[in-house]
Amino acid sequence: MSQKQTQRPVAAIDLGATSGRVMIGELVDGQIQLTLVHRFANGPVALTEFETDASSQSLAWDIDGLWSQIKLGLKKAFELRADIASIGVDSWAVDYALLKDGRRLGQVRHYRDPRNELAVPELEKKFSRAELFELNGLQFLPFNTVYQLEAEQQAQRLASADQLLLVPDYINWLLTGQARCEWTNASTTGLLNQRSGTWDQELVRVLGVADKLAQIVHPGETVGSLVPELAQEFGATNAVQVVAVASHDTASAVAATPLTSKKSAYISCGTWGLVGVELTEPVLTSQAQRAGFTNELGLDGTVRVLKNVTGTFLLSESLSYWNQEAKQAGDAEVQLNDLLAEAQKLPVPQVLIDPQAEQFLAPGRMPVRISEAIIDAGGIAPESKAELIRIIIESLASSFASQAHEAARLGGFDLEDIHIVGGGSQGELLCQRIADLARVHVTAGPVECTALGNVLVQLRALPEGTHRVDDLRVVVRRSTGLRHYQPVGALKLA
């Protein structure tokens with residue numbers, strides 16, 4: 001270990017919509033070193049697996065299974081480094097646990113549960129979309145927490161609860177026994193007033209959660225100490241603090257995105273593609289609302305003006321569908337890397353899909369639905385898996401490029417460059433086509449940007465941590481290898 005190391009390591013729990021991981025992070029010779037300790041699968045589970053009388057279409061998360069994997073990962077982490085100083089948790093947004101007298105009520109419902117779309121017209125009898133945007137600045141998405149809470153009211157489950165905790169706050173509560181709500185994730189619920197930065201009193205009253213929401217904390221603040229029984233189970237040799245990081249995974253990712261100027265856009269590309277810019281104030285204009293942009297809070301009082309666009313979900317769902325077919329036929333599994341290599345050799349498709357269309361929101365039969373959309377748009381259904389993959393890549397690149405320019409326009413500047421981070425940054429074809437279509441330089445990486453942001457906020461919160469947000473990005477640039485893509489001329493059309 002380097003003689004120049006001055007800080008103890010920290011543990012990052014990073015929960016995504018398709019997988020989770022526990023990582024150790026430490027600052028060594030001015031660079032962040034990440035060690036993957038434990039990775040585990042995640043995804044929607046039929047609610048009928050937990051509740052036999054549930055609707056067959058209802059979806060949930062296996063939150064108890066996730067908690068077991070988190071504990072296993074932390075035990076492994078402390079076996080490697082018993083001197084871990086703190087733990088931080090980030091996750092996907094909008095979903096929550098309901099508690100009564102310190103016990104969870106039922107399951108954590110999945111944001112893709114069809115109940116949410118049914119609740120939209122009910123809430124819109126009370127608040128129009130324009131009125132909601134004026135209050136919370138959020139892009140309309142039927143899975144936003146406000147619609148989920150309307151669905152809860154109809155099911156009368158909410159009335160039984162005395163506490164609502166978003167997923168990372170619930171994990172923090174399990175770790176410490178302290179109920180807090182971290183504000184970057186709070187800003188994704190639709191319950192936070194963008195102008196005041198606090199819970200909107202009218203919204204929380206109408207939705208029946210005025211007395212169920214926890215105290216808001218900001219990234220870098222301590223939630224509490226790891227409870228003694230867990231410290232003993234993990235083998236911790238010293239007091240361990242649980243720190244509120246930027247607990248919305250996109251907020252953590254953007255905090256660690258090595259933006260080079262105030263005129264840069266970012267794309268955080270995983271299951272979702274989050275395309276936006278970082279500003280000092282929200283953009284609450286009708287123009288922003290019509291364009292479908294959202295205002296979410298970031299590290300150190302920044303505002304992430306962005307748009308949620310379907311990301312690698314289209315690829316993972318297509319692969320899942322094909323591999324289910326392969327399994328039934330006794331064939332070998334389809335490999336995405338092989339399909340991407342084939343797709344790169346193909347011409348640019350003439351007809352694309354809109355990745356944001358509602359028909360692609362739910363899981364299942366994705367290649368069939370994409371082919372149907374191509375036919376409906378006047379095109380010819382793809383004849384091979386590689387052709388369909390190329391359509392997805394081209395459609396994502398087109399959407400990402402146009403939304404990056406739109407985000408910059410709403411921010412009041414001309415786009416200079418784009419930074420893409422997360423799993424999607426590994427796709428060379430995707431990154432090159434974004435550069436081509438946006439006509440600006442694209443920088444790709446780091447891949448583990450969310451975990452990096454989680455770790456950096458924790459390290460900054462330690463007594464010896466002194467880095468401001470701009471310095472964090474300097475550390476990221478020193479710590480990771482980045483790839484660069486310059487726009488090239490238009491490719492041949494199919």
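The values are calculated or read from the model by the stated rules, or taken from the named source; none is laboratory data. Model, not experiment: these values are computed from the prediction. Here the Cβ is made from the backbone with ideal geometry for all residues, glycine too, and neighbour counts use every protein chain on show. The area values use the complete protein model at the heavy-atom level, side chains included, leaving out ligands, DNA and RNA. Shrake-Rupley method; radii C 1.70, N 1.55, O 1.52, S 1.80 Å.
Among the GluC sites (Glu not before Pro) in the range 141-226, none sits in a DSSP loop with a Cβ that has at most 10 other Cβ atoms within 10 Å.
Spin-label model, His441/Ala159: points 7 Å from Cα along the beta carbon direction are separated by 6.1 nm.
Among the trypsin sites (Lys or Arg not before Pro) in the range 99-155, those located in a DSSP loop and surrounded by at most 10 other Cβ atoms within 10 Å of their own Cβ are Lys125.
What is the calculated FRET efficiency for Lys76 to Asn238, with r their C-beta to C-beta distance and R₀ = 22 Å, to the nearest 0.05?
Working: r = 18 Å, r/R0 = 0.81.
About 0.80, to the nearest 0.05.
What the chain shows is 40 Å² of accessible area per residue, with the surface traced by a 1.4 Å probe over protein heavy atoms. Cα gyration tensor of the range 87-136, axes a ≥ b ≥ c as square roots of the eigenvalues: rounded (a/c below 1.5), prolate (a/b > b/c) or oblate? Prolate, because a/c is 1.5 or more and a/b exceeds b/c. Here are labelled values, (i) -0.21, -0.54, -1.40; (ii) -0.18, -0.47, -1.33; (iii) -0.17, -0.44, -1.20, and one is the computed log10 I(q)/I(0) by the Debye sum over Cα atoms at q = 0.05, 0.08, 0.13 Å⁻¹ for what I pasted. Which one? Matching entry in (i) -0.21, -0.54, -1.40; (ii) -0.18, -0.47, -1.33; (iii) -0.17, -0.44, -1.20: (ii). The range 403-421 and the range 226-285 have Cα centres separated by 21 Å. Starting from the Cα gyration tensor of the range 383-461, take the square roots of the eigenvalues, sort them a ≥ b ≥ c, and report rounded, prolate or oblate (rounded when a/c is under 1.5, otherwise prolate if a/b is larger than b/c, else oblate). Cα axes put the range 383-461 in the oblate bin.
Going by accessible surface with a 1.4 Å probe and the largest first, Thr52, Thr285 read Thr52, Thr285. Each residue, Phe50 and Ser19, gets one label point 7 Å from its Cα in the Cβ direction; the gap between the two is 2.4 nm. Normalised by the number of residues in the range 59-149, the average gap of Cα pairs under 8 Å and 6 or more apart makes the relative contact order 33 percent.
As a length-normalised measure over Cα pairs under 8 Å and 6 or more apart, the relative contact order of the chain settles at 16 percent. Shape class for the range 95-241, computed from the alpha carbon gyration tensor (a ≥ b ≥ c): prolate, with a/c not under 1.5 and a/b above b/c. Restricting to the range 147-249, compute how many DSSP beta bridges are antiparallel as a %, nearest 5. So the antiparallel bridges in the range 147-249 amount to around 50 percent.
Measuring from centroid to centroid over Cα atoms, what is the spacing of the range 7-67 and the range 147-172 in Å? Result: 20 Å between the Cα centres. Cross-link reach is defined here as a Cα-Cα straight distance under 23 Å, omitting same-chain residues fewer than 8 places apart; for Lys262 the lysines meeting it are Lys307.
Estimated from helical segments only, the mean residue ellipticity of the chain at 222 nm is -11000 deg cm²/dmol, where each DSSP H run of four or more residues counts as -39500 (n - 2.57).
Element breakdown for the chain at a 1.4 angstrom probe: carbon and sulfur atoms account for 48% of the accessible area. The reciprocal of the average 1/r between distinct C-alpha atoms defines the Kirkwood hydrodynamic radius, which for the range 1-114 equals 15.9 Å.
Of the peptides 328-337, 363-372, 388-397, 274-283, how do they stack up when ordered by the mean number of other Cβ atoms within 10 Å, highest first?
Numbers: 328-337: 10.6, 363-372: 17.3, 388-397: 25.7, 274-283: 21.6.
So the peptides 328-337, 363-372, 388-397, 274-283, ranked by packing, come out 388-397, 274-283, 363-372, 328-337.
All other residues whose Cβ lies under 12 angstrom from that of Phe400 are scored, Lys and Arg at +1 and Asp and Glu at -1, for a net of -1.
Remark: C-alpha extents of the range 245-388 on the principal axes read 53, 34, 28 Å, sorted largest to smallest. Inter-part distance, the range 309-373 to the range 75-146, computed on C-alpha centroids, equals 27 Å. In this simple spin-label model, placing a label point 7 Å from the Cα along the Cα-to-Cβ direction at both Asn323 and Lys100 gives a separation of 3.9 nm.
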